[in-house]
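This report refers to the structure that appears directly beneath it.
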Amino acid sequence: MENSTSGGRRGRDRRGRGMRGPAVLPGPLSAHPPLLRSPRDLFDRIVLEVVTEIDERWSARLGLVEYAVEESPYLPDDWEEGRVPLSSLIRGRGGEPTRLVVFRRPIEHRALDRAELEAMVLTVVVEQVAELLGIPAAEVDPRYHDD
């Protein structure tokens, strides 16, 4: 029987298929970076883009705001069935920052495709910032649609 370290089987697994897995996937130094992204990474990137644009525009009036993404909201046992929040806004007091949390799973569940996902994230963040500022949501971002 031939040993796996012998010259005949070098670079192959025990079934003779060759190398597989992360070692053979494209990396940061390869010609083609990996296009594989998890849904969580994609969602975080969408939220970051929306929040960055809005925060740059309104930072003078918003003050210190902490943005976060969480998987899903914690719902108490007596929560009304059929309604799941898409975000949470906790106003800061004293030296504590205001905290705006976007919930990934409920938003992803409602979106049919990436364009709808981006539109929903924009809508959720714009509506929360509008409430925080006390102005209509359409003033916060011109891309906001009230539908």
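The values are calculated or read from the model by the stated rules, or taken from the named source; none is laboratory data. What you are looking at is a predicted structure, and each value in this text was computed from that prediction instead of being measured. Note that we place each Cβ from the backbone using ideal geometry, even for glycine, and neighbour counts take in every protein chain shown. Just so you know, the surface numbers come from the protein's heavy atoms only, side chains and all, with ligands and any DNA or RNA stripped out. Shrake-Rupley method; radii C 1.70, N 1.55, O 1.52, S 1.80 Å.
Per-structure values
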{"item": "Label point 7 Å beyond Cα of E139 along Cβ direction - residues of region 62-96 with amide nitrogen under 15 Å", "result": "62"}
{"item": "Highest-first arrangement of 74-83, 126-135, where packing means the average Cβ count within 10 Å", "result": "126-135, 74-83"}
{"item": "Per residue value of the accessible surface for region 36-75 (all protein chains in place, 1.4 Å probe), Å²", "result": "68"}
{"item": "Length released on extending from E53 to A68, taking residue separation times 0.36 nm less the Cα-Cα span", "result": "3.9 nm"}
{"item": "Amide proton proximity set for S87, modelled H, under 5 Å, gap of 5+", "result": "F103"}
